[in-house]
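Heads up: the structure comes next, in structure tokens.
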Amino acid sequence: MKRILATMIAASAGLSAAPLHAEDSLTYVSWGGNYQQAERDAFLDPIEDELGITIREETYTGVHEVRAQVLSGAVTWDIVDLGGFECAQGQAEGLFEDLDWNVVSTEGLDENAWSDTWVSILYYSTVLAYNPEALEKAPTNFTDFWDVENFPGRRALYNEAPTMLEAALLADGVPKDELYPLDIDRAFAKLEEIKPHIDAWWDSGAQSIQLLADGEVDMLPIWNGRIEVLKEEGFPVEIAWDQGTLSVSCVAIPKGAPNKDLAMKAINLMISPEIQANLPQYINYGPANALAFDTGKIAEDKVATSPSAPEHLKVQAVISPSYWGERLTELDERWDAFMLK
């Protein structure tokens, strides 16, 4: 998630927190901008009301700042919002408190959406998007994307190993619930197969939608939230949810947090169905708790575009933060070598 939200950091303002803590307050740290404002509206305001506390906010740039606080023994933050890979990395380094499962309930969460020290608060999808006006036949998944004979058209891929290795394996017939551990050799062999047919490799969300908007490509994997921007502008674009991949944003409690027990209670509320159901009102990310869709709070039009809606969830694979947290450096190096061939 860090890679997507980094572009929002510059937009943050006015979210610094006072350095003092009290038993009835917490400090929540996230990425700033529209994203953190959505968290405030969907999560933090209701939690304040429920617990009768004050939640102050700060912004930051990632797990390295958590590491610095923990190693210095001067932790001032209570809850930090991280990308899935960073949560796995921080857990491996011992940067977070163990979550108390007598307080924090994982009911409604996928098994890849939580671990000993962190829990997911939302999903976003990497899905296949295409311009129906530019294609004779619409692709329905990544299997079709790889089928250049039956689905001709200009193509782009994301220039990153995470999600693209999963997409390659899904296209090669691996069932979504049997992806891990990834068959790395098989994934790269499948990528070698499609590589000569790729017209562009995108590195940012802005670039991905520009490729479609300018007509440079007809189909590509893309983050689901970006598609809504194009649709609002009237651009002809459709999503194929089948074989999409769901990635998480997660929260953790830094080791030595001054208000650990209260933070546990806040996190439990944050991932509860009722509060999770608030999220689609403010930003086009999906609730991490599947039970949020049973609350009746999410409007039908929001369900239709939510990456974790039941109909979309059952046809997508959930990316494993734990798997990537252990292997990201190694597989990034292999990806770079693949791109240089």
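The values are calculated or read from the model by the stated rules, or taken from the named source; none is laboratory data. It should be emphasised that the depicted structure is a prediction, and the values quoted were computed from it without experimental measurement. When we count neighbours, we look across all protein chains shown, and the Cβ atoms used for this are built from the backbone with ideal geometry, even at glycine. Keep in mind that these areas ignore ligands, DNA and RNA; they rest on the heavy atoms of the full protein, side chains included. Shrake-Rupley method; radii C 1.70, N 1.55, O 1.52, S 1.80 Å.
Show me the helices (runs of 4 or more DSSP H) entirely contained within the range 20-87 in which 2 or more residues are among the β-branched types (V, I, T) and over 26 Å from P273 (Cβ atoms). Filter on the range 20-87 gives 63-72.
For the range 294-341, the helices (runs of 4 or more DSSP H) that sit wholly inside it and include 1 or more residues that are among the basic types (K, R) and in contact (Cβ under 8 Å) with a residue 60 or more places away in the chain are 321-340. Scanning the range 165-185 for residues that are surrounded by fewer than 19 Cβ atoms within 10 Å (Cβ to Cβ), in contact (Cβ under 8 Å) with a residue 60 or more places away in the chain and either in contact with a helix residue (DSSP H, G or I) (Cβ under 7 Å, 6 or more places away or on another chain) or not acidic (D, E) (or both) returns K176, Y180, P181, I184. The set of residues in the range 213-234 that are of a type in the set (D, E, K, R) and either closer than 17 Å to K302 by Cβ or out of contact with any strand residue (DSSP E or B) (no Cβ under 7 Å at 6 or more places or on another chain) (or both) comprises D214, R226, E228, K231, E232, E233. Does S30 satisfy the condition of being within 25 Å of G286 (Cβ to Cβ) and at pLDDT 95 or above? So S30 passes the test.
Put simply, of P132, P152 the only residue that is under 25 Å from L212 (Cα atoms), over 26 Å from the mean Cα position of the chain (by Cα) and open to solvent by 60 Å² or more (accessible area, probe 1.4 Å) is P152. Among the residues of the range 64-87, the one identified as closer than 13 Å to S30 by Cβ, at pLDDT below 95 and open to solvent by 10 Å² or more (accessible area, probe 1.4 Å) is E86.
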